[in-house]
Structure formats: C-alpha cells, structure tokens
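Some notes on the structure that comes next.
The values are calculated or read from the model by the stated rules, or taken from the named source; none is laboratory data. Note that the structure is a prediction, hence the values are computed from the model and not measured. Cβ placement follows ideal geometry from the backbone for every residue including glycine, while neighbour counts extend to all protein chains displayed. Areas reflect the complete protein model, heavy atoms only, side chains present, ligands, DNA and RNA absent. Shrake-Rupley method; radii C 1.70, N 1.55, O 1.52, S 1.80 Å.
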Amino acid sequence: MFLLRRPTEDQMRRYVAERADAPLTYPEAGASRGATAPPGYLRNFAGTRLGTGQATFRRAVDAVRRWAMYDMPWTRILWPDTPIEPGRTTGLLVRHYGFWSIHACRIVYVIDEAEGPVRRFGFGYGTVADHPERGEERFTVEWRAQDDVVHYELFSFSRPAVPLSILGFPLARGLQKRFARESLRAMRRAVEPASG
C-alpha cells in the first residue's frame, strides 16, 4: 500500500492484521534456504563478518530476534517484538522519495542450529497480498568453530508483482540493493560489545 502521508499506528496494525491469513504470493515457499533464485526471479545477496566468538554469535542471534537488520532511518519493522516463528505475519514501513509504503510478509521458516561446529540462526519470510513484489528473503547469522568467525547474510529472490513495480523497476531494485548494504551496517552496529 502506497501513501502520501505517514500512516498512523492504527492504520499499520489494521493493514497487517487484515493480511494475517493471506496466502503467500509465490509458489516457491522455502526456496530462500539456498543461495540460488528460482527461475524468473532476481537474486539479491549481501554478507558481512560480524566478529568472532560465541559472545558475538549470541549478540547476533539477539539482534536478528529483535529485527535489528531493519534499524535504519527509512525503514521500520512492524513490530520489533514480533516473535521469530513460522506463520507470523509482520509488516514493513518504508519512507520513499516523498511518499510512504507498507508491505506485509509472513515468516515461512526458522533456522535454529544451536549445536555442532557450525551454528546458525535466522529465518525466511515471504510476500503476501498487496506486496508490490513477489518473493522471499532470508536473514541468517552463523558461527564456525573452524575459524571462530561470526557472519551475517541476507539473501532474497523477487520479481515485480504489480504494474507500478514494473514501471518503477530501477527504483525498486535500487532500494533492494540499498537495503542490503544498510542492513549489513545495522547488524554490525547491533553486535558491537557494549562499552563502559
């Protein structure tokens, strides 16, 4: 949904609630677990090293649980206390160039591998009704015993779902790339050890 003014909290809650049971808008649910986009979709990928050690990994898991990857001035997750559980529907408020938009997505799967030489946590969520794109996005943090490194990764596949997205494709693609870059920075900030 596109708006000329910032929506109220009630409008945003109503918008997301109305889509709580809406079906996903694409048939490839769960395909973001890998790193290859299904045929007909564009791939977006970004990753960064967050640091080393189990303490960093725990902070990274906590950051994903509170949706810290969206901590940037032009995006707001609706709402950061939304539990990371399959079937949960959430929304995203985006401030564009002179207008606002709200997009609803549903968590499709959760990755929670807490044992072994590689530990991972994250989730994938997909588009539901009225989203201008079709597709899925995955956010994961990973710790490897071999090198003690903690890594954050974002992967998505998408394609335009409405005529406005087709017409505004260069802008939409630019926003996806910008989000990926800024998401890396947001996660690096979120896992920095507290000073003092």
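Within segment 92-120, how many residues turn out to be more than 24 Å from Asp10 (Cα to Cα), modelled with pLDDT of 95 or more and of a type in the set (A, V, I, L, M, F, W, C)?
Residues that pass the stated criteria total 4.
Which residue out of Ser156, Ser183 is modelled with pLDDT of 90 or more, closer than 15 Å to Gly135 by Cβ and touching a strand residue (DSSP E or B) at 6+ places or on another chain (Cβ under 8 Å)?
Ser156
Considering only residues of segment 78-91 that are at pLDDT 95 or above and either under 16 Å from Arg178 (Cβ atoms) or charged (D, E, K, R) (or both), which is surrounded by the most Cβ atoms within 10 Å (Cβ to Cβ)?
Arg88
Which is open to solvent by 40 Å² or more (accessible area, probe 1.4 Å), touching an Asp or Glu at 6+ places or on another chain (Cβ under 8 Å) and over 21 Å from Ser183 (Cα atoms), of Glu9, Glu18, Glu28?
Glu28
Quick check on segment 135-156. Is at least one of its residues crowded, with 17+ Cβ neighbours inside 10 Å and on the phi > 0 side of the Ramachandran plot?
The answer is yes, given that some residue of segment 135-156 is crowded, with 17+ Cβ neighbours inside 10 Å and on the phi > 0 side of the Ramachandran plot.
Take Arg138 and decide whether it is in a strand (DSSP E or B), at pLDDT 95 or above and more than 27 Å from Met1 (Cα to Cα).
Judged against the criteria, Arg138 is not a match.
If I filter segment 109-131 for residues that are open to solvent by 10 Å² or more (accessible area, probe 1.4 Å), of a type in the set (Lys, Arg) and in a helix (DSSP H, G or I), do I get at least one hit?
Checked against the condition, which is being open to solvent by 10 Å² or more (accessible area, probe 1.4 Å), of a type in the set (Lys, Arg) and in a helix (DSSP H, G or I), segment 109-131 yields no hits at all.
Is segment 167-174 home to any residue that is part of a loop (DSSP other than H, G, I, E, B) and surrounded by 13 or more Cβ atoms within 10 Å (Cβ to Cβ)?
Yes.
Report yes if some residue within segment 70-84 is in contact with a helix residue (DSSP H, G or I) (Cβ under 8 Å, 6 or more places away or on another chain), β-branched (Val, Ile, Thr) and touching a residue at least 24 places away in the same chain (Cβ under 8 Å); otherwise report no.
Looking through segment 70-84, at least one residue is in contact with a helix residue (DSSP H, G or I) (Cβ under 8 Å, 6 or more places away or on another chain), β-branched (Val, Ile, Thr) and touching a residue at least 24 places away in the same chain (Cβ under 8 Å).
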